[in-house]
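Presented below is the structure to which this report refers.
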There are 2 protein chains.
Amino acid sequence: MVDRTIRLGIIGLSSAESWAARAHVPALKAITGYEIAALSTSNIDSAAKAAKTFDVPAFFDNPVQLAKHPDVDVVVVAVKVPHHRDLVTAALDAGKPVYCEWPLGNGRQDAEAMAALSRDADVTGFVGLQGRASPALRYIRDLVKAGHIGDVVSTTLVGSAGAWGATIDPRLVYGLDRKNGVSMLTVQFGHTIDGLCWCLGEFSEISATLATRFPMVKRTDTGEMVPKTIDDQIAVSGILQNGAVASVHYRSGSSSVANFLWEINGTEGDLVITSNQGRLQYSDFRIQHGPGKGGKLADMVVPEAYKLVHTCAPTDMFYTLAHAYTLMHKDIVNGTSHVPRFSDALVRHKMIESIETASSTGSRQAYL
Amino acid sequence: MVDRTIRLGIIGLSSAESWAARAHVPALKAITGYEIAALSTSNIDSAAKAAKTFDVPAFFDNPVQLAKHPDVDVVVVAVKVPHHRDLVTAALDAGKPVYCEWPLGNGRQDAEAMAALSRDADVTGFVGLQGRASPALRYIRDLVKAGHIGDVVSTTLVGSAGAWGATIDPRLVYGLDRKNGVSMLTVQFGHTIDGLCWCLGEFSEISATLATRFPMVKRTDTGEMVPKTIDDQIAVSGILQNGAVASVHYRSGSSSVANFLWEINGTEGDLVITSNQGRLQYSDFRIQHGPGKGGKLADMVVPEAYKLVHTCAPTDMFYTLAHAYTLMHKDIVNGTSHVPRFSDALVRHKMIESIETASSTGSRQAYL
């Protein structure tokens with residue numbers, strides 16, 4: 001199947017603790033078609049060390065050099081959000097396609113600039129809204145589009161972020177501060193609502209209630225109480241473009257009940273998607289079909305054709321990312337468009353901004 | 001326990017098909033402390049027939065005469081909503097306490113006038129928000145108030161009305177027209193949200209999305225398509241007075257999944273209340289407690305002390321109403337205040353009006 005090896009330059013592949021090391025490296029090991037040709041980190045010593053650890057031939061402390069390196073076909077940006085725009089700009093300026101983790105920008109304005117740059121430079125910007133690569137989600141989307149439950153009447157999603165509650169892992173402390181662009185709203189809710197909208201359509205109007213119920217949280221390492229300025233409760237509702245009414249409640253921490261419960265109610269039946277954890281981008285979903293009118297649920301198995309990777313399991317955190325990389329390979333080699341682009345990310349950023357505006361003003365918003 | 005028999009005059013106890021006959025008569029048969037002393041219907045022939053059927057000594061086609069009858073201690077109003085105000089006024093004018101079915105008025109203005117009349121006349125107006133008499137709900141409320149799950153952080157309720165979907169029972173056709181005051185919003189959602197607010201507190205601010213997804217519905221008897229002007233999708237969210245974020249999605253028809261799923265998430269654990277049908281005022285609930293942080297759920301059994309009626313089962317449609325009558329007896333004889341009053345109904349009517357305003361204007365509302 002694979003007719004070309006794509007050489008990646010990964011910005012942010014530093015220590016074994018980095019996101020790139022924990023997710024991207026195992027995802028790439030699970031598939032064929034890629035090699036990691038270069039990496040960059042913030043200083044040359046850590047870059048050299050990482051290059052040795054991950055067996056990467058070229059290393060830099062300068063992302064511009066990485067982007068310009070002749071052995072790099074595609075740049076991967078896997079660092080903290082406030083740096084995305086500069087790094088993406090460096091890659092696009094070098095004429096290299098880029099895969100940038102979600103959230104694309106630190107706010108809508110960043111994302112708008114990056115989408116414009118990708119468009120003007122005519123260089124593809126892929127975004128890490130990886131949920132769209134999930135076999136289960138692609139199957140759900142196809143079921144809905146094929147009219148398996150008739151017309152969609154309404155949908156309800158109740159989810160838990162698994163974090164951002166009363167306590168905080170020290171690695172996530174930077175995600176407590178609104179200005180860093182990494183929050184429950186942008187990341188966990190962002191991935192989750194992206195999956196819902198990708199399957200059912202965008203909101204034509206949206207109302208929102210955001211709140212911070214734990215303004216001080218305890219570090220799990222030191223026990224210290226630290227301030228949190230991000231929202232840890234997100235309730236949105238509205239009308240989708242197809243007329244369906246959508247209600248989503250996304251909470252911090254974990255629930256004893258519905259860490260992930262997603263009902264899609266149609267004129268001819270229901271789909272129910274559940275998981276024991278609430279982050280759509282990693283979830284190993286159970287999909288059930290109900291005939292409607294209170295009828296009994298029956299399990300649905302994701303057909304084999306949706307599973308593109310067989311060397312890791314749906315319960316692996318990097319399973320969906322391995323699928324995203326597989327689809328990106330197709331997009332690059334075959335010119336398809338499976339992986340979401342910066343323009344898709346911009347829509348999601350606009351939605352998130354509209355949710356913040358709806359909550360702060362109390363007025364329903366549109367974002368398309 | 002019972003030290004006085006209260007003599008009821010029931011307005012609307014007509015045929016065996018009437019709501020009073022299907023709910024009030026069996027509820028009263030299940031308990032002691034009451035007798036049905038009089039009834040009235042819209043014409044004297046049907047009243048005479050009903051009096052014979054239900055073995056009621058006095059009958060009228062005139063509610064003023066019923067209210068003035070010396071053998072009537074308390075007037076029960078169990079007719080269609082547009083008639084409530086006139087009939088309640090007749091009872092209060094006669095100085096008789098009245099139990100009026102919910103919705104109290106055909107809109108907030110009606111309810112306001114009736115609450116004012118009850119207050120000015122110093123005659124008690126009880127309202128049929130019977131969910132508050134449910135043993136399960138009283139237990140849930142006490143658990144929350146006792147801090148069994150710590151402070152309430154958030155709550156989610158997903159429910160199905162069981163009706164008002166694509167088809168309509170001929171007996172409910174009058175509930176398709178917004179002007180009749182009997183709708184999914186006022187009745188099934190009204191009872192349900194009343195239970196939530198009674199346990200957790202009122203909303204200090206509320207956003208709402210209402211929609212009619214089935215503007216034409218099929219009569220189950222004739223197959224004829226008839227128009228529906230009421231909302232069959234209700235999504236509300238907001239902040240409760242205690243700061244908790246609440247999200248409620250209430251849908252027409254039945255779901256294969258969550259006909260009733262109510263999570264109450266606290267700092268020290270979760271409560272989960274489920275039922276196979278979505279109307280809180282009738283529901284036979286399963287109550288489970290979760291220790292939080294994704295811990296395992298354990299069933300909680302409603303203590304015997306909450307069960308005031310043992311001659312019918314929680315699955316009987318009139319079980320909660322039998323409890324409401326039992327509590328009303330205590331209120332009248334002992335001067336307690338268990339059963340909600342017109343002032344409580346007015347709060348609920350104001351909330352419903354605010355939901356309609358929030359939906360039509362797109363602006364968050366307050367109603368207290």
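Things to note:
- Verdict on A:V77 being outside the structural domain of A:M351 (by TED's automatic domain parsing) and closer than 16 Å to A:P340 by Cβ: yes
- Single residue of the range B:232-244 satisfying the filter (more than 14 Å from B:C199 (Cα to Cα) and among the hydrophobic types (A, V, I, L, M, F, W, C)) that is nearest to the chain's Cα centre (by Cα): B:I234
- Scanning the range B:290-304 for residues that are in contact with a Ser or Thr (Cβ under 8 Å, 6 or more places away or on another chain) and either more than 8 Å from chain A (Cβ to nearest Cβ) or part of a loop (DSSP other than H, G, I, E, B) (or both) gives B:P291, B:G292, B:K293, B:G294, B:G295, B:K296, B:L297.
- Of all residues in the range A:207-230 being farther than 23 Å from A:E353 by Cβ and within 14 Å of chain B (Cβ to nearest Cβ), the one that is least open to solvent (accessible area, probe 1.4 Å): A:V217
- Exclusive hit being in contact (Cβ under 8 Å) with a residue 40 or more places away in the chain and part of a helix (DSSP H, G or I), set A:A21, A:A50, A:A27: A:A27
- In the range A:105-124, the count of residues that are open to solvent by 10 Å² or more (accessible area, probe 1.4 Å), of a type outside the set (G, A, S) and under 19 Å from A:L196 (Cα atoms) is zero.
- Residue check for B:A90: open to solvent by 10 Å² or more (accessible area, probe 1.4 Å) and free of Cβ contacts under 8 Å to residues at least 12 places away in the same chain: no
- A:E304 falls short of the stated requirement of being assigned by TED's automatic domain parsing to the domain that holds A:F189, of a type in the set (D, E, K, R) and on the phi < 0 side of the Ramachandran plot.
- Single match in A:I239, A:I234, A:I287 (criterion: assigned to a strand (DSSP E or B), open to solvent by less than 10 Å² (accessible area, probe 1.4 Å), at the interface with another protein chain (Cβ under 10 Å from one of its Cβ atoms) and not polar (S, T, N, Q)): A:I234
- Taking the conditions (1) over 16 Å from the mean Cα position of the chain (by Cα); (2) closer than 30 Å to B:P97 by Cβ in turn, B:T320 satisfies each one other than (1).
- Looking across the range A:93-104 at every residue that is over 17 Å from the mean Cα position of the chain (by Cα) and buried (at least 18 other Cβ atoms within 10 Å of the Cβ), the one that is nearest to A:R178 (Cα to Cα) is identified as A:P97.
- So A:I36, is it touching a residue at least 40 places away in the same chain (Cβ under 8 Å) and either closer than 16 Å to A:V88 by Cβ or open to solvent by less than 70 Å² (accessible area, probe 1.4 Å) (or both): no
- Summed over the range A:189-206, residues that are hydroxyl-bearing (S, T, Y) and within 16 Å of A:I352 (Cβ to Cβ) total 1.
- Residue check, A:G295 free of Cβ contacts under 8 Å to residues at least 60 places away in the same chain and open to solvent by less than 30 Å² (accessible area, probe 1.4 Å): yes
- The range A:340-366: number of residues that are outside any helix (DSSP H, G or I) and either buried (at least 24 other Cβ atoms within 10 Å of the Cβ) or away from chain B (no Cβ under 14 Å) (or both): 3
- Unique match (being within 28 Å of A:H338 (Cα to Cα), buried (at least 22 other Cβ atoms within 10 Å of the Cβ) and either touching a Lys or Arg at 6+ places or on another chain (Cβ under 8 Å) or within 12 Å of another protein chain (Cβ to nearest Cβ) (or both)) among A:F260, A:F189: A:F260
- Every residue from the range A:269-284 that is open to solvent by 10 Å² or more (accessible area, probe 1.4 Å) and either facing another protein chain (nearest Cβ under 10 Å) or of a type in the set (K, R) (or both): A:T274, A:N276, A:Q277, A:R279
- Sole residue being open to solvent by 20 Å² or more (accessible area, probe 1.4 Å), part of a strand (DSSP E or B) and either of a type outside the set (D, E, K, R) or away from chain B (no Cβ under 14 Å) (or both), chosen from A:S254, A:S204: A:S204
- With respect to the conditions (1) surrounded by 15 or more Cβ atoms within 10 Å (Cβ to Cβ); (2) free of Cβ contacts under 8 Å to residues at least 12 places away in the same chain, B:S337 lacks only one, and its number is (1).
- Checking each residue in the range B:245-275 for being over 24 Å from the mean Cα position of the chain (by Cα) and farther than 17 Å from A:V152 by Cβ picks out B:N265, B:G266, B:T267, B:E268, B:G269, B:D270.
The values are calculated or read from the model by the stated rules, or taken from the named source; none is laboratory data. Fair warning: this is a prediction, and the values are worked out from it, not measured in the lab. Cβ: placed from backbone, ideal geometry, glycine included. Neighbour counts: every protein chain shown. Ligands, DNA and RNA are excluded from the accessible area calculation, which covers all protein heavy atoms including side chains. Shrake-Rupley method; radii C 1.70, N 1.55, O 1.52, S 1.80 Å.
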